[in-house]
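Remarks on the structure that follows.
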Amino acid sequence: MRMLLCICRLSAAFAQAAAYAQSDDKSSAAAVAAARTTLPNSSEKPERQQARGRAWFARCMQDWDAGTHMTKKEWEGTCRRLAQERTKFVTKFLMEQRK
């Protein structure tokens, strides 16, 4: 009886792991492809970096939904902070690439 119970639990765990592994395959592949097309290079101008930051902010604002746990104003503040941090990170990355 214990053996049967162990086998059932084990097969349920394998089924869950397989379903989890397959669930997000297409969206993660699309995200990787999108990231590759927007990778910065060391000769990128500051205007391009600022445009990238504005695009990140705009995309983040499009992702807001009334069902989220944040008001639109709170969401905007978060989007602005994330876009600034990402832009700062990319700028630092590019400065290191130029060295």
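From the Cα gyration tensor of region 41-98, with a ≥ b ≥ c the square roots of its eigenvalues, which class applies: rounded if a/c is under 1.5, or else prolate if a/b is larger than b/c, or else oblate? It comes out prolate by the Cα gyration axes. Among E96, E85, E76, a tally of other beta-carbon atoms within 10 Å of each Cβ gives an order, fewest to most, of E96, E85, E76.
Read-outs: derived from the displayed coordinates by stated rules, not from any lab. Computed from a predicted model, the values in this text were never measured in an experiment. Here Cβ is always computed from backbone atoms with ideal geometry, including for glycine, and neighbour counts include all displayed protein chains.
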